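What follows is one structure encoded as structure tokens, with my remarks underneath.
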Amino acid sequence: MPKAIQELYAQVISNLLTTERLQLAILTLNGLVKQDVAVIDDSDTWTEKDQLDLATFSLQYAALVSQWSSKFMQVELLEQISSKDAEVILKLLPERIRVAIIARSKEIDYPIEATLEMAIASFLDIEAISFADCNPNRGY
């Protein structure tokens, strides 16, 4: 990477707020693909498709994890997602969902694993904020 770009990042971009950096990324990417910004959905509302995508990829992750040795799987013992598990989950998600979860995590200043846990737990139980208090039989 050219030194001028590194300096620009260090002196200007890294000092921007997260939302400003995301806006800059949107402008940059839209400029590359000549796309209208209106195409990007920046709402905080999760559509039914978003929820289905999250559930589908969560189940895929669960199937993958179930093949691992129990010593690597801490979620069952701790009733929480580890940072390593969160990385794996994020890699399996569609780009738009991954970006939204990362942005939301930064916005609320929570670790990404806590944000993922909240998203999954509240999808199964609207009163839950973590796996520990999630009761999937409580209903929605």
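A few points about this structure:
- Proxy reagent accessibility, fewest Cβ within 10 Å first, across I112, I5: I5, I112
- Cβ crowding within 10 Å, taken as a proxy for footprinting-reagent exposure, orders Y110, Y61 from fewest neighbours to most as Y110, Y61.
- As a proxy for reagent exposure, ranking T56, T115 by other Cβ atoms within 10 Å from fewest up yields T56, T115.
Values quoted throughout were computed directly from the atomic coordinates according to the rules given, and no laboratory measurement underlies them. These numbers were taken from a predicted model, which means no experiment stands behind them. As a convention, Cβ positions derive from the backbone with ideal geometry for all residues, glycine included, and neighbour counts pool all protein chains shown.
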